[in-house]
Amino acid sequence: FPSHDNQLKSQCDKLWASIILAKYPNCIVCTDQSKHPHHLLPRRRYLSMRWNIKNGVGMCPKCHYLLTHDPFYPHYKILQAIDPIPILKDAALRTKVNRKFLEVTKQYLASTAEIYLNSNPNADGVNK
């Protein structure tokens, strides 16, 4: 039975991906051709949303790579590109996404400040 379940999941994944790419032929960030379907909510964490068409957008390989591998990628670009975001009408979920965005923004700012201070030994963070 497990291999049959895996086959069905794989078929559903492929069908979901083809629908998302048909719905979003161009990358939602840069408008290049979409080749990667992206789950807005992670498919492994939100199992009930795995094949929901509202939980996907099309992205080009470059933007998708940056989104999934760069912790400081500006996720707001995706949020801005989808208007309205039907999946985020739920207040609790919207709050969770906003908190994550703030957390990533704080990490980015802390990292940027550290890089700046390390590369400018005379900088003390005070405007003179």
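We did not get these values from a lab; they are worked out from the coordinates using the rules stated. Small disclaimer: the values here were computed from a predicted structure and weren't measured. Note that each Cβ is placed from the backbone with ideal geometry, even for glycine, and that neighbours are counted across all protein chains shown.
With charges set only on the Cβ (+1 for Lys and Arg, -1 for Asp and Glu), what does the dipole of the range 1-54 come to about its Cα centre, in debye to the nearest 20? Write down the numbers at each step before the final one.
On the way: 9 positive and 3 negative charges, 32 e Å.
Approximately 160 debye in magnitude.
Full-extension gain between Lys100 and Asp5, please, as 0.36 nm times their residue separation minus the C-alpha to C-alpha distance. Numbers along the way, then the final one.
Values: separation 95, 0.36 × 95 = 34.20 nm, distance 3.29 nm.
Extra length available between Lys100 and Asp5 comes to 30.9 nm.
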**Study point:** Ranked packing of 28-36, 55-63, most packed first, by mean Cβ within 10 Å
**Key:** 55-63, 28-36
Practice item. Multiply the residue gap between Asp13 and Tyr65 by 0.36 nm, knock off their C-alpha separation, and tell me the result in nm, one decimal place. Key: 16.8 nm
Point to revise | Two-site label geometry, Lys23 and Asn118: point separation in nm, points 7 Å out along Cα→Cβ | key: 4.1
Check your understanding: How far apart, in nm, are two points set 7 Å out from the Cα along the Cα-to-Cβ line at Phe72 and at Lys54?
Key -> 3.5
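Going down the list Lys14/Lys100; Lys62/Lys96; Lys54/Lys100; Lys14/Lys96, which pairs span over 24 Å between their C-alpha atoms?
On the way: Lys14/Lys100 29 Å; Lys62/Lys96 26 Å; Lys54/Lys100 20 Å; Lys14/Lys96 29 Å.
Long pairs (Cα-Cα over 24 Å): Lys14/Lys100; Lys62/Lys96; Lys14/Lys96.
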